[in-house]
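See structure below.
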Amino acid sequence: MATSQASPAGVETRKPQKSLFDLDTMSTVTLYKPYDFEPVADVKSAQERIGNDTAKLIEIINRGLQSFEDDRIKADSSIPWKIEDEEGNLTEFSGTPADDKVVNGLVLNMAKASFGYLQAKGADAKRAAKQAALDFIKSQPKLIAGMKAQLEAAEAGE
């Protein structure tokens, strides 16, 4: 994944990143490799930048076209999303999509309020409290219906 920041004269500061576990600090860290990217104005400039390697230019163009097509297809509401089963078969998704962050926030708040998350000692106990909260939420059709109604109201307001 790369993040970017606009700079003057079309130059964009890019920060490709990767996360890894650091044995020295015993924690997950995110590493960055910042660089300045200057877009090209034409194909000739692009080809010069990569040493006039036509095969490499075609590879780069195809990567860009794939990204463009991915974005176009994702945005096309006439093409249904599909879900893949264990055997690799695709079927049309019929669920109700929701934002992971919102749902995870609800689960965490429920775990803190009612399932001992704050008192839990260790990661396993905290995970168990969150699982208990999720199980409780799943068992409450009225709560799920309310979440779906909020989602529909938010989509209607967009």
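Please treat every number below as a calculation from the coordinates, not as lab data. All of these numbers come straight from a predicted model, not from anything done at the bench. Neighbour counts run over all protein chains shown; Cβ positions are idealised from the backbone, glycine included.
With a 10 Å radius around each residue's Cβ, average the other Cβ atoms per peptide and rank 128-140, 144-156, highest first.
Numbers: 128-140: 15.2, 144-156: 11.3.
Taking the mean over residues of other Cβ atoms within 10 Å, the ranking is 128-140, 144-156.
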Within 10 Å of each candidate Cβ there may be at most 15 other Cβ atoms; applying that plus a DSSP loop requirement, which chymotrypsin sites (Phe, Trp or Tyr not before Pro) in region 51-104 survive?
TRP81, PHE93
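Per 0.36 nm of contour for each residue apart, how much would the distance between GLU86 and ALA125 grow if the chain were fully extended, relative to their Cα-Cα spacing? Let's see the in-between values first.
Working: separation 39, 0.36 × 39 = 14.04 nm, distance 2.98 nm.
Net length gain for the segment: 11.1 nm.
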Rounded to the nearest Å, what's the spacing between the alpha carbon centres of region 6-62 and region 97-158? Just the number, please.
38
Counting only other residues whose beta carbon sits under 12 Å from that of ALA120, what net charge do I get with K and R as +1, D and E as -1?
+4
Taking Cα atoms, how many degrees apart are the long axis of helix 123-138 and the longest axis of the chain, rounded to 10 and kept between 0 and 90?
80
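Using a Förster distance of 35 angstrom, determine the FRET efficiency expected from the C-beta separation of VAL103 and THR25, and round it to 0.05. Numbers along the way, then the final one.
Numbers: r = 31 Å, r/R0 = 0.87.
The formula returns an efficiency of 0.70 here.
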Karplus-derived 3J(HN,Hα), 6.51/-1.76/1.60, for each residue of region 45-50, Hz, glycine and proline x:
5, 5, 5, 4, 4, 9
Could you give the angle, 0 to 90 degrees to the nearest 10, between helix 54-75's Cα long axis and the longest principal axis of the Cα atoms of the chain?
30
Could you work out Rg/(2.2 N^0.38 Å) for the chain, with Rg from alpha carbons only?
1.54
